[in-house]
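Presented below is the structure to which this report refers.
No lab work stands behind these numbers, since they all come straight from the coordinates. On a predicted model such as this, the values are computed, not experimentally measured, just so you know. Backbone-built Cβ (ideal geometry, glycine too); neighbour counts: all protein chains shown.
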Amino acid sequence: MSQDTFTGPAPHPFYTFGLWAVLTGGLALIMVFVHIVAPSLQPQPSAASQIGEIAGEIRRSAWASFRGEPDPIPAEESVQWWIYLAFVGPALGVVALVLSLISGLRRENWRYPAYGAGLATAAILFQFFWMVAVLIAGVILLVAIIENIGDIFGGGFWQ
C-alpha cells in the first residue's frame, strides 16, 4: 500500500444508520420500562378497598341481572398517557430493527447494528413477556374471585 491512497475521512457518527438504531433501540427500551412503571406511580386506593369495590360491583351487577334490570351506563374515564406507551415502545423497537438492518447492509461498523438490534429485540420481547405476565396474573385474580363468589353473595344464595 502506498501512502498516496486516500480513503477519505470517517463519516460523522450522526450520519450513520447504526447510531440511530442504537439510540432508537435505547429509547424503545426506556419507553417499555416507563410503561411498566408508570401505573405504579399513579395514586391508588388500597388493595382491600379495590377488591371490595370489585366484589360490590359484581354483587350489584348480578342482582340487577337476576331481577331483569338493565345494565347501568358506565362512567367514561379519561385515558392515561402511559397507556399509549404499550404501542410506542415496540413500534420504536421495530424502527430500530429496520435501522440496524440498513446499517448492516451498508457495511457500517458492526457494533452499531448489533447493539441497536439487541436493544430493539429486548424492548419488543420485554413488552411481550410483561403483557403475558399481566394476563396470567389477571386470570389468577379472576379465578380467585370466581372461587369465592359464594362469599360475595353472603353465602346463603348458592348453598
**OP:** Select from the stretch 41-144 those trypsin sites (Lys or Arg not before Pro) which occupy a DSSP coil region and have at most 11 other Cβ atoms within 10 Å, ordered by residue number.
**Re:** 106, 107
Subject >> Spin-label pair residue 149/residue 137, simplified geometry with 7 Å Cα→Cβ offset, distance in nm >> reply: 2.5 nm
Original post:
Of 85, 113, 127, which is farthest on the positive side of the dipole of the stretch 15-159, counting Cα position, with +1 on Lys and Arg Cβ, -1 on Asp and Glu Cβ, and the Cα centre as origin?
Top reply: 113
**OP:** Be a star and scan the stretch 72-86 for residues whose amide nitrogen sits under 17 Å from the point 7 Å along the Cα-to-Cβ vector of residue 128.
**Re:** 86
**OP:** Work out the FRET efficiency for residue 34 and residue 65 from their Cβ-Cβ distance, taking R0 = 35 Å, and round it to the nearest 0.05.
**Re:** 0.30
Original post:
From the Cα gyration tensor of the stretch 76-151, with a ≥ b ≥ c the square roots of its eigenvalues, which class applies: rounded if a/c is under 1.5, or else prolate if a/b is larger than b/c, or else oblate?
Top reply: prolate
